[in-house]
Amino acid sequence: DAGVTQSPTHLIKTRGQQVTLRCSPKSGHDTVSWYQQALGQGPQFIFQYYEEEERQRGNFPDRFSGHQFPNYSSELNVNALLLGDSALYLCASSLSDSSYEQYFGPGTRLTVT
Amino acid sequence: TQLLEQSPQFLSIQEGENLTVYCNSSSVFSSLQWYRQEPGEGPVLLVTVVTGGEVKKLKRLTFQFGDARKDSSLHITAAQTGDTGLYLCAGPNYGGSQGNLIFGKGTKLSVKP
């Protein structure tokens, strides 16, 4: 049973560029959440997708956007990258009726130079 | 604003010692979760505590949820080098969907042989 997978593993971008990160949820899960984890910090909630729509959003600017596909996989897009966007981006999947229990992927390490 | 504060921030001990890490808030949480995260990996769910005063045991790990549901602790007996990692507590955000978790900054545990 495949767990949550994310790609790419690592990414280096320049300020002002755009980036797309990808996530495939755990088999049978229909909900995907994205988190940003800066160095030395706990993960911060970005947004959640369910039924191909953004269901909830954290305190992140509009430069952060996402998408969910019919097969439940998801993308996170960040435009106009800033140095402060350097972080580990985590995808978590769950069942829509689960009790907040989420399964996390290994993350994508984004470095903005 | 709901916040989860974890202490200590860093902990370095010898194999075989016991330790306790704490997760505190001024807010009431309907449940709290504990995750362990190893370098380069996503957080892995260890336990969810739901009822005030609840105690859960997972082999050498004992988790407790405070009576008022504002705090939790994790006690490890006879620590092993494999226990090394970042321990995160998390709780659901009021008004958030099931994916909107608030995390503490974590306790970084190092167990030396």
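Quick look at the values:
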{"item": "Matching entry among A:Gln17, A:Gln56 (being part of a strand (DSSP E or B) and open to solvent by 20 Å² or more (accessible area, probe 1.4 Å))", "result": "A:Gln56"}
{"item": "Yes/no for B:Val55 being more than 14 Å from chain A (Cβ to nearest Cβ), loosely packed, with under 15 Cβ neighbours inside 10 Å and farther than 29 Å from A:Arg55 by Cβ", "result": "yes"}
{"item": "Among residues of segment B:10-47, those that are surrounded by fewer than 18 Cβ atoms within 10 Å (Cβ to Cβ) and under 20 Å from A:Val4 (Cα atoms), counted", "result": "7"}
{"item": "Counted residues, segment A:58-89 - those being touching a residue at least 60 places away in the same chain (Cβ under 8 Å) and either in contact with a Phe, Trp or Tyr (Cβ under 6 Å, 6 or more places away or on another chain) or more than 24 Å from A:Leu39 (Cβ to Cβ) (or both)", "result": "1"}
{"item": "Residue that is farthest from the other protein chains (Cβ to nearest Cβ), among those in segment B:39-52 that are over 14 Å from the mean Cα position of the chain (by Cα) and closer than 12 Å to A:Phe104 by Cβ", "result": "B:Glu41"}
{"item": "Long-range neighbours under 7 Å by Cβ, at least six apart or interchain, first residue at the interface with chain A (Cβ under 10 Å from one of its Cβ atoms) and within 19 Å of B:Lys112 (Cβ to Cβ) within segment B:74-93, second open to solvent by less than 10 Å² (accessible area, probe 1.4 Å) and at pLDDT 95 or above", "result": "B:Leu86/B:Gly106"}
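Conditions (1) within 14 Å of chain B (Cβ to nearest Cβ); (2) under 20 Å from A:Ser27 (Cα atoms); (3) assigned to a loop (DSSP other than H, G, I, E, B); (4) more than 11 Å from the chain's Cα centre (by Cα), marked per residue:
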position: A:His67; (1), (2), (3), (4): no, yes, no, no
position: A:Asn71; (1), (2), (3), (4): no, yes, yes, yes
position: A:Glu75; (1), (2), (3), (4): no, yes, no, no
position: A:Ala80; (1), (2), (3), (4): no, no, yes, yes
position: A:Leu88; (1), (2), (3), (4): yes, no, no, no
position: A:Ser93; (1), (2), (3), (4): yes, yes, no, no
position: A:Glu101; (1), (2), (3), (4): yes, yes, yes, yes
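Residue-by-condition table, conditions (1) at pLDDT 95 or above; (2) surrounded by fewer than 16 Cβ atoms within 10 Å (Cβ to Cβ); (3) not β-branched (Val, Ile, Thr):
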residue	(1), (2), (3)
B:Thr51	no, yes, no
B:Asp71	yes, no, yes
B:Lys108	yes, no, yes
B:Val111	yes, no, no
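The values are calculated or read from the model by the stated rules, or taken from the named source; none is laboratory data. Because the structure is a prediction, the values reported are computed rather than measured. A quick note on method: Cβ atoms are made from the backbone with ideal geometry, for glycine too, and the neighbour counts reach across all protein chains shown. Ligands, DNA and RNA are stripped out before the accessible areas are found, and what is left, the full protein with its side chains, is counted by its heavy atoms. Shrake-Rupley method; radii C 1.70, N 1.55, O 1.52, S 1.80 Å.
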